[in-house]
Each structure stands twice: as C-alpha cells, then as structure tokens.
1. Starting from residues that are part of a helix (DSSP H, G or I) and touching a strand residue (DSSP E or B) at 6+ places or on another chain (Cβ under 8 Å), keep the ones in segment 206-222 and report whichever is surrounded by the fewest Cβ atoms within 10 Å (Cβ to Cβ).
2. Between Arg21, Arg63, which is away from the ligand (no atom under 16 Å from the Cβ), part of a helix (DSSP H, G or I), at pLDDT 95 or above and surrounded by fewer than 14 Cβ atoms within 10 Å (Cβ to Cβ)?
3. When you check Ala301 against the structure, is it touching a residue at least 12 places away in the same chain (Cβ under 8 Å) and in contact with a Pro (Cβ under 6 Å, 6 or more places away or on another chain), yes or no?
4. Among the residues of segment 167-205, what is the count of those that are among the basic types (Lys, Arg), loosely packed, with under 12 Cβ neighbours inside 10 Å and in contact (Cβ under 8 Å) with a residue 12 or more places away in the chain?
5. Looking at segment 157-164, can you tell me whether even one residue there is over 14 Å from Ser81 (Cβ atoms) and either away from the ligand (no atom under 16 Å from the Cβ) or not in a helix (DSSP H, G or I) (or both)?
6. Among the numbered criteria (1) open to solvent by 70 Å² or more (accessible area, probe 1.4 Å); (2) away from the ligand (no atom under 16 Å from the Cβ), which one does Glu28 miss?
7. Which condition number does Ile176 fail, the rest of (1) modelled with pLDDT under 95; (2) within 16 Å of the ligand (Cβ to nearest atom) being met?
8. In the set Leu15, Leu74, which member is modelled with pLDDT of 95 or more, more than 30 Å from the chain's Cα centre (by Cα) and within 16 Å of the ligand (Cβ to nearest atom)?
Amino acid sequence: MRYQLAPLYCRPWTLNGISARLIESHYENNYGGALNRLNAITEEIEQLDPGNTSGQSLARLKRDEIVALNSTLLHELYFASLGGDGRVLPDALASAVAKDFGSVDRWRQEFVGIANGLAGGSGWVLLTYVPRDGRLINQIASEHSQSIAGGVPILALDMYEHAYHLEFGANAGAYIAAFMRNIDWSAVKARYDDAIKVAPPRPLEQKEFGDVPSISVEEVREMLKSGKPVQIIDARPKHYTTKAQDIMEGAVWRDPERLDDWIGTLSKTEPVVTFCVYGFHIGCQTASTLRNAGFDARYMAGGHYAWKAIKGPVKLFE
Ligand SMILES: [Fe+2]
C-alpha cells in the first residue's frame, strides 16, 4: 500500500494570526515528513518475511508505523480544523458539547487547559466522539499514538513545538489562542454528523432469551442502595456452587434444578432478580420460568462475575 498525500484543507491566507509561512512549513516538513516515513515503513513491512524476522524487529516497525500513520491522520485533521472564525458552534454541536461537558465554555476551558498543560512538551489535544458511549471527550494523544480505541477525533490541536515555534517562539499560550480563533466549527460539525453514524460495538445478544428482560449490575446496585425491596436469587448450578467461595451480598442461593421447591417462597409483589455465573443461560432460564409463573423477574446481565467486576459486595458462601 502507498499512502497518498492529502491536499492542504484550510486556506492559509484566510487564517487570523497564523501565518501562511507557518502552515506551509508545517504541511511540507512535518505532515509531508510523516507521510514519507509512513510509506517507507510500510514498504519495509511489506518486503520482509515475517516468518524469518525477529519479533522485536516486527514490534519496532509496528510501533514506528502507528506513530507515522497517526501523525498523518492527525495532521490532516489539524489542517481541517482551521479556517473558521472559532466563534459560534452550530446548534446541534453546541448541544452535544453542552451535554457532555456541562457547557461550551466549560469544554473550551478544559480543551485550552489541556493544551496549556502540553506547552513546552508535545502531543495532540483532540475532541473525540466515542461511539460506544455516544459522547464527546477531550483527550491527549502523546507520541502521535494514544488514540481512544474506536474513537473518532473531530477536532485536533497540534501541540508539538514545530506547530508554533517558528512564529510564536515559546509563547504557546498565544498559539493556542490563535488556534481557537481559527476553528472551523462548521467543518467540525460535519465531522460530528459523520461520527455519530458510527455504530457502537455490538452488545452480547442472546436470541433465545430475547423476550426476557435483563437488568445491569449497576442498576441492581442502585436498587439495593435505594433500599427498594427486591428478591435476588443466585441460581448458579449446584455443581458450580460446591466450589464457589463467595456469594453476592443480598442474594440467596437457590438450586435452579429444584425451582418447584422454592418458587412458593417468593413474593409476587416484589421484583425478582436472578443470576448465574456469567449471565448466559441458567439465570435467564430461571427468570423466564418465573415470569411465566407471573413474577416480575429479570436476569442480571453478566451474572456473578459482572457483580464482582464492579466491586459489588460479596460474602462468604456457606
Ligand atoms: Fe505537527
């Protein structure tokens, strides 16, 4: 594969307080340099024989590759972040920013604050959309390589000294202010619109229990905290519990094989939460059977281990 150079996205002569000379040098030397390195590394990787190359050499090349690849991607985004007047965010973007940061002002303070924190050092400040969480987040990308997995950066501020030294010297603060004055918010909004179309990672699907409602461990924790009455049934199989050492606090163990023996002890007026070891079958089946018998039952997604993973309290299983 040969990576192609992207033309300069912003029009340097329109920028306010950032000179064409600075952009030209940045584009030619740093963006162009990263692209050339990326192509050289890619060629090297393509030409080597992975079966006869040491793991160390492969790892070094892959590290170099991610640095060069992210540097090209982030520089393209940086040049595409400039060219506006930096003032007003389009409405939909302003609401999204306000939802995730409290307000646009608060976002701006955080973004600028992070950039100031990198002054004299290096790294990127990115505004990134995270599809899994459906939210925007500010992040630092050091060494061109710390990107949030699955995140889509929509605004990039280059805090490597090469981005400002030529013109601003050590005055990173003036450079950051100039960057903020030149953000092209309509372009950022267009990228935001594209980013929110990215589907979140696919959740666990259990088609056979599609009609049995689940409850998350966090919701169960909130239920217990609020003191709402709830009947929590640990329905881990008997063969499993013989070696189990702990049980969720607030839960009682009931043998899922002998549901008929204990179903009569449950109250129909209080909700029931059932769970098994990992939340796949037995907890779901138990909830399903209880629902068919008229109980307000749900299974706890993720089961015993999900409860432990959120550090939910457990006690000795006897
Ligand atoms: Fe740069």
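The values are calculated or read from the model by the stated rules, or taken from the named source; none is laboratory data. All values derive from a computational prediction rather than experimental measurement. All Cβ positions, glycine included, derive from the backbone under ideal geometry; neighbour counts span all protein chains shown. To get the accessible areas, we keep the full protein, side chains included, count just its heavy atoms, and leave off ligands, DNA and RNA. Shrake-Rupley method; radii C 1.70, N 1.55, O 1.52, S 1.80 Å.
1. So in segment 206-222, the residues part of a helix (DSSP H, G or I) come out as 207-209, 217-222.
Add one more test, that the residue is touching a strand residue (DSSP E or B) at 6+ places or on another chain (Cβ under 8 Å), and what stays is 209, 217, 220.
Numbers: Phe209: 17, Val217: 23, Val220: 24.
Restricting to residues being part of a helix (DSSP H, G or I) and touching a strand residue (DSSP E or B) at 6+ places or on another chain (Cβ under 8 Å), the top hit is Phe209.
2. On the way: Arg21 fails: away from the ligand (no atom under 16 Å from the Cβ).
That would be Arg63, the only listed residue that is away from the ligand (no atom under 16 Å from the Cβ), part of a helix (DSSP H, G or I), at pLDDT 95 or above and surrounded by fewer than 14 Cβ atoms within 10 Å (Cβ to Cβ).
3. no
4. First pass over segment 167-205, keeping only residues among the basic types (Lys, Arg): 181, 189, 191, 197, 202.
Next cut, loosely packed, with under 12 Cβ neighbours inside 10 Å only: 197, 202.
Those left that are additionally in contact (Cβ under 8 Å) with a residue 12 or more places away in the chain: none.
Number of matching residues: 0.
5. So in segment 157-164, the residues over 14 Å from Ser81 (Cβ atoms) come out as 160-162, 164.
Okay, now just the ones that are also either away from the ligand (no atom under 16 Å from the Cβ) or not in a helix (DSSP H, G or I) (or both), so 160, 164.
So far as segment 157-164 goes, yes, one or more of its residues are over 14 Å from Ser81 (Cβ atoms) and either away from the ligand (no atom under 16 Å from the Cβ) or not in a helix (DSSP H, G or I) (or both).
6. So Glu28 meets the others, but not (2).
7. The single condition Ile176 does not satisfy is (1).
8. Leu15
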